[in-house]
Amino acid sequence: MTRLFAAFAAIVTAFAAHAEEVTTYTLDNGMEVVVIEDHRAPVVVHMVWYKVGSADEPVGASGVAHFLEHLLFKGTDVLAPGEFSATVAANGGSDNAFTSYDYTAYFQRIAADRLELMMQMESNRMNNLRITPEDVETERQVILEERNQRTENNPNALAREQFNAALFQNHRYGVPIIGWKHEMEQLDLQDALDFYDLYYSPNNAILVVAGDVEPEEVLALARQYYGVIPAEEHLPVRERPQEPPQRAERRITYVDARVSQPFLIRSYLAPERDPGAQSEAAALVYLAELLGGSPFTSALGQALQFDSQTAIYTNASYDGSRLDDGTFSFAVVPAEGVTLSEAEAAMDEVINAFMEAEIDPARMDSIRTQLRASEIYALDNVDGLARRYGAALTQSLTIADVQAWPDILQAVTEEDIKAVAAKVFNRDQAVTGWVVSSQEEAR
């Protein structure tokens, strides 16, 4: 087994020197262009990322970023409603879009010789959207039904929404991406148009093209189709309300008769990946794996699921892909007959023991190899590469930051992990939540 592991590590190291071919440009109107070459198949991924998400929405209009994402599949001055996606499908491709706190992105995956058609259509809907009050009414009902299915009918989702709102006392990360239902119900045509006119502009967008393409050809097409769109002169500086010093732990008990299994969550504010300063984020990746990755190797899994059988599920996770504050979270589902109080006390015992003990060097080596392997495997996924760069650039990181990340991960030490853990595990900047079906379970 040792020889096999060593051989695998050697293979990973041999491939580690390979990096994706990335070329960047900036058009005269301020639009960024990123080209990732991958000539193994005659396929291309075409993505436009707007540096605006739900955390940039006006107060009182939560959900408008996601709402507008839906409306962009309506008509333009030259495309009938539904014609965009129908054209992509007719050419053998697929398309979709997604909204996060920090960005909204639209993408197509298609044969490389159809790239010009994708640019022609996508650039058209950047500046020539045509939506009617009827479109707004129809699509509002669609997003409300989406919220009903994903959130209102899911007690766990409702609970997490409450916990998130308590964790972020001032920042818009405390508002759900899909929006609060009562504000979604009031979204109208003017809300959508105001958001579109201000933020859907070339100087607020990043074009990412990945696949079987040549950079100069992509640049020529980008100039032809996107370069002619005027920049938005009144684009605001991207400033958001920041978190004040948090001085008290928050605790929430969410009671819902639909809860089938009680569980607890604790979330802390944590450093995000920042330009030129990703070391703490890298250490938090290791911390999550050491404390709550695989149940067979993590501290929580071994102690609570196997040794004491206190829990049937444990997890630790880190979300540092944010423009602003990230989060570090724990989750525990207690075993039958174990109360949430007992499960939480057991979780805290494991965390405290971890902080006092030495980190096993063998576990560090294993995680390093796993992370290096995952970075190498990611090079085989052209869609994933396009998303990696697009998300990073909309969250203030640079191409250099993205390409430095694998080496930064490899450089993490045991001391780095303990230092960032001591910084993050401050109960004054945390929310602990219990999710139960009745008050009797909240003990």
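Out of all the residues in the range 305-324, is one or more modelled with pLDDT of 95 or more, acidic (Asp, Glu), in contact with an Asp or Glu (Cβ under 7 Å, 6 or more places away or on another chain) and under 30 Å from residue 390 (Cβ atoms)? Steps first, please.
Filtering the range 305-324 for residues modelled with pLDDT of 95 or more gives 305-324.
Restricting the remaining residues to those that are acidic (Asp, Glu) gives 307, 319, 324.
After this cut, where a residue has to be in contact with an Asp or Glu (Cβ under 7 Å, 6 or more places away or on another chain) as well, the list is 324.
Keeping just the survivors that are under 30 Å from residue 390 (Cβ atoms) gives 324.
Within the range 305-324 (the criterion being modelled with pLDDT of 95 or more, acidic (Asp, Glu), in contact with an Asp or Glu (Cβ under 7 Å, 6 or more places away or on another chain) and under 30 Å from residue 390 (Cβ atoms)), the answer is yes, since at least one residue qualifies.
Out of all the residues in the range 156-173, is one or more assigned to a loop (DSSP other than H, G, I, E, B) and touching an Asp or Glu at 6+ places or on another chain (Cβ under 6 Å)?
Scanning the range 156-173, I find at least one residue that is assigned to a loop (DSSP other than H, G, I, E, B) and touching an Asp or Glu at 6+ places or on another chain (Cβ under 6 Å), so the answer is yes.
Please state which one of 190, 224 is in a helix (DSSP H, G or I), of a type in the set (S, T, N, Q) and touching a helix residue (DSSP H, G or I) at 6+ places or on another chain (Cβ under 9 Å). Can you show your working first?
On the way: 190 fails: touching a helix residue (DSSP H, G or I) at 6+ places or on another chain (Cβ under 9 Å).
Sole residue among the options that is in a helix (DSSP H, G or I), of a type in the set (S, T, N, Q) and touching a helix residue (DSSP H, G or I) at 6+ places or on another chain (Cβ under 9 Å): 224.
Return the pair list, or none, for Cβ contacts closer than 8 Å from residues in the range 369-387 that are polar (S, T, N, Q) to residues that are surrounded by fewer than 17 Cβ atoms within 10 Å (Cβ to Cβ), at least 6 apart or on different chains.
Between residues of the range 369-387 that are polar (S, T, N, Q) and residues that are surrounded by fewer than 17 Cβ atoms within 10 Å (Cβ to Cβ), the close pairs are 369/5; 369/8; 369/9.
Among residues belonging to the range 277-313 that are open to solvent by 10 Å² or more (accessible area, probe 1.4 Å) and in a strand (DSSP E or B), point out the one that is farthest from residue 413 (Cα to Cα).
312
How many residues are surrounded by 13 or more Cβ atoms within 10 Å (Cβ to Cβ) and closer than 17 Å to residue 293 by Cβ when one looks only at the range 357-415?
Qualifying residue count for the region: 15.
Please go through the range 156-171 and give me each residue that is farther than 20 Å from residue 241 by Cβ and open to solvent by 40 Å² or more (accessible area, probe 1.4 Å), ordered by number. Write out each step before concluding.
Of the residues in the range 156-171, the ones farther than 20 Å from residue 241 by Cβ are 156-160.
Residues satisfying the conditions are 156, 160.
How many of the residues making up the range 1-48 are part of a strand (DSSP E or B) and modelled with pLDDT of 95 or more? If you could, list the steps in order and put the result at the bottom.
Initial filter on the range 1-48 (part of a strand (DSSP E or B)): 21-26, 32-37, 43-48.
So of that shortlist, the ones also modelled with pLDDT of 95 or more come out as 22-26, 32-37, 43-48.
Result for the range 1-48: 17.
Could you please tell me which pairs satisfy a Cβ distance under 9 Å, a separation of 6+ or placement on different chains, a first residue in the range 269-283 that is more than 14 Å from residue 416 (Cβ to Cβ), and a second residue that is open to solvent by 40 Å² or more (accessible area, probe 1.4 Å) and among the β-branched types (Val, Ile, Thr)?
From residues that are more than 14 Å from residue 416 (Cβ to Cβ), the pairs are 275/398; 276/398.
Quick check on the range 233-258: of everything there that is in contact with an Asp or Glu (Cβ under 8 Å, 6 or more places away or on another chain) and closer than 21 Å to residue 103 by Cα, which residue is surrounded by the most Cβ atoms within 10 Å (Cβ to Cβ)? Don't jump to the end; show me each part of the working.
In the first step, residues of the range 233-258 are kept if they are in contact with an Asp or Glu (Cβ under 8 Å, 6 or more places away or on another chain); the result is 238, 240, 242-243, 246-249.
Filter once more, so that each one left must be closer than 21 Å to residue 103 by Cα: 238, 240, 242-243.
Working: 238: 14, 240: 14, 242: 9, 243: 16.
Out of the qualifying residues, it is 243.
Taking the criterion of being open to solvent by less than 20 Å² (accessible area, probe 1.4 Å) and closer than 27 Å to residue 180 by Cα, would at least one residue in the range 83-91 satisfy it?
Just the residues of the range 83-91 that are open to solvent by less than 20 Å² (accessible area, probe 1.4 Å), to begin with: 84, 88.
From what's left, closer than 27 Å to residue 180 by Cα: none.
Checked against the condition, which is being open to solvent by less than 20 Å² (accessible area, probe 1.4 Å) and closer than 27 Å to residue 180 by Cα, the range 83-91 yields no hits at all.
How many residues does the range 120-144 contain that are open to solvent by less than 20 Å² (accessible area, probe 1.4 Å) and not in a helix (DSSP H, G or I)?
1
Please go through the range 315-356 and pick out each residue that is of a type in the set (Val, Ile, Thr), assigned to a helix (DSSP H, G or I) and buried (at least 21 other Cβ atoms within 10 Å of the Cβ). Even if it seems obvious, please write down each step before you answer.
First, pick out the residues of the range 315-356 that are of a type in the set (Val, Ile, Thr): 327, 332-333, 338-339, 350-351.
Within this subset, residues satisfying the condition of being assigned to a helix (DSSP H, G or I) are 350-351.
Correct list: 350 only.
So in the range 84-94, with the set limited to residues that are under 29 Å from the mean Cα position of the chain (by Cα) and not polar (S, T, N, Q), which one is nearest to residue 125 (Cα to Cα)?
Here the residue is 84.
The values are calculated or read from the model by the stated rules, or taken from the named source; none is laboratory data. Note that this is a predicted model, so its numbers are computed, not measured. Every residue, glycine among them, receives a Cβ derived from its backbone with ideal geometry; neighbour counts consider all protein chains shown. Calculation scope for accessible area: heavy atoms of the full protein, side chains included, ligands and nucleic acids excluded. Shrake-Rupley method; radii C 1.70, N 1.55, O 1.52, S 1.80 Å.
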